[in-house]
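Worksheet for the structure shown next.
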Amino acid sequence: MRIRDHAHLSDEALVALVARSDEGALAELYDRVGGIAYGLAYRVLRDEALAEDAVQEAFLGLWRAAATFIPERAKASTWILTLVHRRAVDLVRREERRRSEPLDEAPEGATGSAEDNAWLHLERERVQGALRLLPDQQREALELAYYGGFTQSELAERLGQPLGTIKSRMFSGLARLRELLDDSAERGSWTTTSS
Amino acid sequence: MDDHLELTAAYALDAVDPRERERYEAHLATCDRCREELASFWTVSGALAHAAGGPAPAPALRERILAQARSERPNLVPLRPRWALPAAASVAAVAAMLALALGLWGSSLAGELDRERSARAGAGEALAIVSDPGAHTVAFRGAEGHVVVSETGKAAVVLAGLDPAPEGKTYELWVVRNGVPRPAGLFEGSEARLVQVLTRPVPADAKVAVTLEDAGGVDTPTGPPLFETI
Ligand SMILES: [Zn+2]
């Protein structure tokens, strides 16, 4: 069976096709999520080859294990980004590549960024806008953890705070960010893909 | 607050060390509340991914991924994968990553928890096989799934959409070589998904077949296979 036009399928339908070794579905998923995934991996790893490794492994993991994906628990794109992030963080820790200043701006837009479509651009602005509304300490904890690849214990040491404080900053920050994103999704003039 | 619930945020951000990760995942297997919260927090960390703002990937990456996938198409002779990876930690790391796929997104129906747990017991080995960069896959004919065979011959079946075995029956795996089937493990079947490690290695010239047998299994199949590898 050959699906000739994958563009109209949901991410989850594509994953189901990937589970049946449909290459076109894998290509379509890459086209939808690959740019974001690479941008994320690069932000964490600051190295093109390692970022490519992280993305490649995640998509290969998807190719091999798509049959085990249970769509009701998460969106397919979230699943892929989770795989990529996990891999990037594992790599950055192993390579000890984390910069002392992990919040240096990534070279965004230098070579044309991943946001070559309007929705991605808006989504990025929406999330960055929500991040800016967080209390500084919560934002700092989220950014150092997620983009910097630091563990909670490393953060506690780095910021000179008790572990419990770091945990609660991350929890409160993520919970608050969720609220802000929900609000902006309701208010916003663009639609998200969340279903 | 449930201490684990707070840890859910750290876990969703991948801000835990391997020991904390393992402990948390063990807890997840037993806690619906944390699983629900994690699914929700993963959506938020997925949003953070969108704001990462890194550069665009080289076009060659797309081609490389598709070529690699093609080389692993279950119904083709496998090519030796060449991952540009430093060998050591990579297998374990990919295995950890795939745990997300194989374990944690399982159904949260309370009645299935026991099955989840027992499935998880063999999950470590299954993950090691499925994520072995040197592994190749062979598709089943007549069922949706495939066998992943690692370089050492250790193998796991991945099946989806297989009806549970009827009451008093069991599925039985066979490694068939030179026409001789040897028993390779029993499993129950599951609507959703199934990853099962074979109890014996799969040599390059062997097939893997599945039959339906009386509970407890048999030493020689009592009928033709329900399905087998290509
Ligand atoms: Zn819990």
Q | Options B:Pro224, B:Ala165, B:Val208, ranked by Cα towards positive dipole end of the range B:158-230, top entry (Cβ charges) | A | B:Val208
Q. Rounded to the nearest 0.05, what FRET efficiency is calculated for A:Leu9 and B:Ala58 with R0 set to 22 Å and r the Cβ-Cβ distance?
A. 0.25
Q) Taking the Cβ of B:Val208 as the center, what net charge do the other residues with Cβ under 14 Å away carry, scoring Lys and Arg +1 and Asp and Glu -1? A) +3
(Q) Please compute the modelled spin-label separation between A:Asp136 and A:Trp119, points set 7 Å along Cα→Cβ, answer in nm with one decimal. (A) 3.7 nm
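Between A:Glu179 and B:Arg200, what's the calculated FRET efficiency when r is the beta-carbon distance and R0 is 56 Å? Round to 0.05.
So the FRET efficiency works out to roughly 0.60.
Please give the net charge around B:Glu167, taking every other residue with its beta carbon less than 13 angstrom from that of B:Glu167, where Lys and Arg add +1 and Asp and Glu add -1.
Details: positive: B:Lys169; negative: B:Asp163, B:Glu188, B:Asp214.
Around B:Glu167, the charge tally is -2.
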(Q) In square angstrom and rounded to 100, what buried accessible area do you get between chains B and A, total over both, with the probe at 1.4 Å? (A) 7300 Å²
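Once a ≥ b ≥ c are taken as the square roots of the eigenvalues of the Cα gyration tensor of the range A:1-57, is the result rounded (a/c under 1.5), prolate (a/b larger than b/c) or oblate (a/b not larger than b/c)?
Details: a/c = 3.31, a/b = 2.47, b/c = 1.34.
Because a/c hits 1.5 or more and a/b exceeds b/c, the range A:1-57 counts as prolate.
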Q. Rounded to the nearest 0.05, what FRET efficiency do A:Leu159 and B:Arg23 have when you use their Cβ-Cβ distance and R0 = 22 Å?
A. 0.40
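The values are calculated or read from the model by the stated rules, or taken from the named source; none is laboratory data. Since this is a predicted model, take the numbers as computed values, not measurements. Ideal geometry is used to build each Cβ from the backbone, glycine not excepted, and the neighbour counts take in all protein chains shown. Accessible surface areas use protein heavy atoms only, side chains included; no ligands, DNA or RNA. Shrake-Rupley method; radii C 1.70, N 1.55, O 1.52, S 1.80 Å.
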